[in-house]
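First up is the structure itself, then whatever we jot down about it.
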Amino acid sequence: MKEPIPESEPSLASDAGPGAADEVSGPSHGLPRRTLGSSGIEVSVFALGSWRTYERISRDAGVAVLKRARASGIDFLEVARYNDETGKAPIPTGYSEVVFGELLRGSGWPRDEVTIAEKLWWEFWPEQTAAGELDASLRRTGLDHVDLLYSDPPPGALPLWEVVAAVGQLIAAGKTRAWGVVNWPGERVAEVGRIAREQGIQLPCAVQLPYNLVQRDWVEGAAMTDALELCGASVVASYVLLGGVLTGKYARGEPGRMSGVLSAPQAEAGKRIVEPLVNLARELGVAPGDLAMAFALANPRVGTVLFGATRPGQIVENLRAVEVVESLSERQLAELRALGA
């Protein structure tokens, strides 16, 4: 399977070992909630992703992460089929889904209390149809349906009208409640929206895109703005910390995988913005990572911010960004947006 753009990333202290943050009591009430486009599906402003995360930690740790997410008010989870990178999985692809299903059941999280998103990669098309791919994912997760189904950009030989028709059939069959796309350019999002309208099929309600202080064009560009308006869709913001760069940890000399995750231009842009971001965070009395996440949350087109966690304490840490964005004045928000612009 081709390597996707990471849709979730380690949170603020992902390279740190277990510590006091894991024991911090987080909020037991619900987080702010937003509706995903015109779908009517309301979700928490944070979503928990599973990008090659749960296979790397113990089952107990994974269950603890899901329990902390639930207790903190997160009710939007994402799963997807990925190739094994550990060399230990019993199957070469899709073990990520098996583990997710085990953890969800182990956490005791009732299915009707959580919104779950899945992805179509079209990797084995045309031999495997969209229905076949989703059915295989559902078997591995142990679910009978998902709430949101994202389509990766389809193969060039697969016409968009066929993508829309296939998704429409899955919605009609009750296999998914709504659909969206991941890492599509604005022009293609608009095109698929027009096709859906012509076919009388539900329009895509969510567009998952990298969105951070360095990478803004995909979300804020004119083509995507027009497409979101046409479809009535929300942005699911991924990669909001730019692979951890915007926490300032690499500037502090902490270890990590920055060079293996970012392109050279992204890494350089991230380095340039870190110092002014850290200075502004210090002035406001908040953590740089919280401020970087607040940047994404402050955009009203963003329905939810996606992140990954390997420890319960990371969820508690990330949720501080809600308080940060609510505390920012218009002037301070403008200063934040001016960074790297």
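Could you check, for region 155-162, whether at least one of its residues is in contact with a helix residue (DSSP H, G or I) (Cβ under 6 Å, 6 or more places away or on another chain), modelled with pLDDT of 95 or more and over 25 Å from I74 (Cβ atoms)? Yes.
Under the condition of being more than 20 Å from R34 (Cβ to Cβ) and without any contact (Cβ under 8 Å) to a residue 12 or more places away in the chain, which residue from region 289-336 is farthest from the chain's Cα centre (by Cα)? Filtering first and then ranking leaves R331. Which of the numbered conditions does D112 fail, given that it passes all the others? Conditions: (1) assigned to a helix (DSSP H, G or I); (2) touching a helix residue (DSSP H, G or I) at 6+ places or on another chain (Cβ under 9 Å); (3) of a type in the set (D, E, K, R). All conditions pass for D112, except number (2). The set of residues in region 175-217 that are on the phi > 0 side of the Ramachandran plot and aliphatic (A, V, I, L, M) is empty.
The values are calculated or read from the model by the stated rules, or taken from the named source; none is laboratory data. All of these numbers come straight from a predicted model, not from anything done at the bench. Counting neighbours? That spans all protein chains shown, and the Cβs are built from the backbone with ideal geometry, glycine included.
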